[in-house]
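Here the structure is laid out as structure tokens; the discussion comes afterwards.
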Amino acid sequence: MQEIRSFVAIGDSFTEGVGDELPDGSVRGWADFVAAGLATAQGRPIRYANLAIRGRKLGGILSEQLDAAIALAPDAISLNGGGNDILRPRVSIDEVGAALADAAHRIAAAGIRPILLSGGNPSEVMPIGAVFQRRGDALARAVESRVADLDAPYVDNWSDPELRSPRFWSQDRLHLNAAGHAHAATNVLRALGVDAPPHWRDLTALSTAEGRRTTAYYREFVVPWIGRRLTGRSSGDGRGPKLAQLVEVAPLPSLG
């Protein structure tokens, strides 16, 4: 494995960690797991920042986060986005894929290792699953075909059949829960040549997408979601980056 001493994550709610809420109200998520996993595998602390903001479309991610991430001069930058774009009524999948690929090439041109990854596929648990499945498949193809020239991993969580299980999704059926984020982190670490701590697989989520979609589910999650899209609002309006500056992440303690 090529050593990664510093790591910056950019993206939307998936990268921020929404769905993996901690008791104090903060969120954790796959990128936090990856930072801890890298430190553990390498046997020493790494520096980590997470500039992700929930609700951001790809244009916002690239305009607000990409230059800031490059300016931190890390060894690696993870890049995910486009999920909020493909949920809009009208979208050019080809343009979204091209923008993601261009951003990855910008990262590489700065001498930083890009880590591209797709989000998990919630199409089997969410109400508009068929539309999301079709658009997500197209976006994965559009990105992968444009980054074949890069010496960079493309972590295809979207096509991971295990990650489609309802037990990996939170109650809103759009975001991964704690176990889902840990699974996605395991996929990223594997692509980097690192074994994830085995106890991550045993995380028990506070909520899952198992069971029927009830009237309460639509009232609590779907109606507000539709309202934000009709009014052009975002769940991230007024929010800043999760972790704007590099901080030290220590190796995880041994369970033995």
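The values are calculated or read from the model by the stated rules, or taken from the named source; none is laboratory data. Quick caveat: nothing in here was measured; it's all calculated off a predicted structure. Counting neighbours? That spans all protein chains shown, and the Cβs are built from the backbone with ideal geometry, glycine included. When the accessible area is computed, the model is the full protein with side chains, heavy atoms only, and any ligands, DNA or RNA have been set aside. Shrake-Rupley method; radii C 1.70, N 1.55, O 1.52, S 1.80 Å.
Scanning region 101-112 for residues that are of a type in the set (A, V, I, L, M, F, W, C), in a helix (DSSP H, G or I) and open to solvent by 10 Å² or more (accessible area, probe 1.4 Å) yields Ala108, Ala109. Evaluation of Ala148 against the conditions (1) touching a residue at least 12 places away in the same chain (Cβ under 8 Å); (2) within 28 Å of Ala109 (Cα to Cα); (3) of a type outside the set (D, E, K, R); (4) surrounded by fewer than 20 Cβ atoms within 10 Å (Cβ to Cβ) shows that the sole unmet condition is (1).
Residue-wise test of (1) open to solvent by 20 Å² or more (accessible area, probe 1.4 Å); (2) at pLDDT 90 or above; (3) closer than 20 Å to Gly19 by Cβ.
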{"site": "Pro166", "(1), (2), (3)": "yes, no, yes"}
{"site": "Ala179", "(1), (2), (3)": "no, no, yes"}
{"site": "Trp225", "(1), (2), (3)": "yes, no, yes"}
{"site": "Asp237", "(1), (2), (3)": "yes, no, yes"}
{"site": "Leu252", "(1), (2), (3)": "yes, no, no"}
{"site": "Leu255", "(1), (2), (3)": "yes, no, no"}
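Would it be correct to say that Ser170 is free of Cβ contacts under 8 Å to residues at least 60 places away in the same chain and either over 21 Å from Ala52 (Cα atoms) or buried (at least 20 other Cβ atoms within 10 Å of the Cβ) (or both)? Spelling it out, it is not the case that Ser170 is free of Cβ contacts under 8 Å to residues at least 60 places away in the same chain and either over 21 Å from Ala52 (Cα atoms) or buried (at least 20 other Cβ atoms within 10 Å of the Cβ) (or both).
Please verify whether Arg47 is open to solvent by 40 Å² or more (accessible area, probe 1.4 Å), charged (D, E, K, R) and modelled with pLDDT of 95 or more, treating the condition exactly as stated. So Arg47 fits the description; yes. When you scan region 185-193, do you find a residue that is assigned to a helix (DSSP H, G or I), touching a Lys or Arg at 6+ places or on another chain (Cβ under 9 Å) and at pLDDT 70 or above, even just one? Yes, region 185-193 contains at least one residue that is assigned to a helix (DSSP H, G or I), touching a Lys or Arg at 6+ places or on another chain (Cβ under 9 Å) and at pLDDT 70 or above.
Scanning region 151-164 for residues that are among the aliphatic types (A, V, I, L, M) and open to solvent by less than 20 Å² (accessible area, probe 1.4 Å) gives Val155, Leu163.
Test Glu95 against the stated conditions and say whether it is over 19 Å from the mean Cα position of the chain (by Cα) and part of a loop (DSSP other than H, G, I, E, B). No, not satisfied.
Does region 123-139 contain at least one residue that is in contact (Cβ under 8 Å) with a residue 12 or more places away in the chain, under 19 Å from Leu58 (Cα atoms) and of a type in the set (Gly, Ala, Ser)? Checked against the condition, which is being in contact (Cβ under 8 Å) with a residue 12 or more places away in the chain, under 19 Å from Leu58 (Cα atoms) and of a type in the set (Gly, Ala, Ser), region 123-139 yields at least one hit.
Residue pairs whose Cβ atoms lie under 9 Å apart, separated by 6 or more positions or on different chains, with the first residue in region 241-252 and more than 17 Å from Arg28 (Cβ to Cβ) and the second loosely packed, with under 15 Cβ neighbours inside 10 Å and hydroxyl-bearing (Ser, Thr, Tyr), do not occur. If I ask for residues that are within 15 Å of the chain's Cα centre (by Cα), aliphatic (A, V, I, L, M) and under 27 Å from Asp75 (Cβ atoms), which ones from region 144-177 would you list? Those that are within 15 Å of the chain's Cα centre (by Cα), aliphatic (A, V, I, L, M) and under 27 Å from Asp75 (Cβ atoms): Val155, Leu163, Leu176. Are any residues in region 1-44 part of a loop (DSSP other than H, G, I, E, B), open to solvent by 50 Å² or more (accessible area, probe 1.4 Å) and among the small types (Gly, Ala, Ser), and if so, which ones? Correct list: Gly25, Gly43.
For every residue, the table says whether it meets (1) over 21 Å from Val155 (Cα atoms); (2) open to solvent by 10 Å² or more (accessible area, probe 1.4 Å); (3) hydroxyl-bearing (Ser, Thr, Tyr).
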{"site": "Arg54", "(1), (2), (3)": "no, yes, no"}
{"site": "Ala68", "(1), (2), (3)": "yes, yes, no"}
{"site": "Gly82", "(1), (2), (3)": "no, no, no"}
{"site": "Arg88", "(1), (2), (3)": "yes, yes, no"}
{"site": "Ser92", "(1), (2), (3)": "yes, yes, yes"}
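All of Ala152, Ala140, Ala69 fail the test of being at pLDDT below 95, in contact with a strand residue (DSSP E or B) (Cβ under 6 Å, 6 or more places away or on another chain) and either within 18 Å of Asp12 (Cβ to Cβ) or in a helix (DSSP H, G or I) (or both), apart from Ala140.
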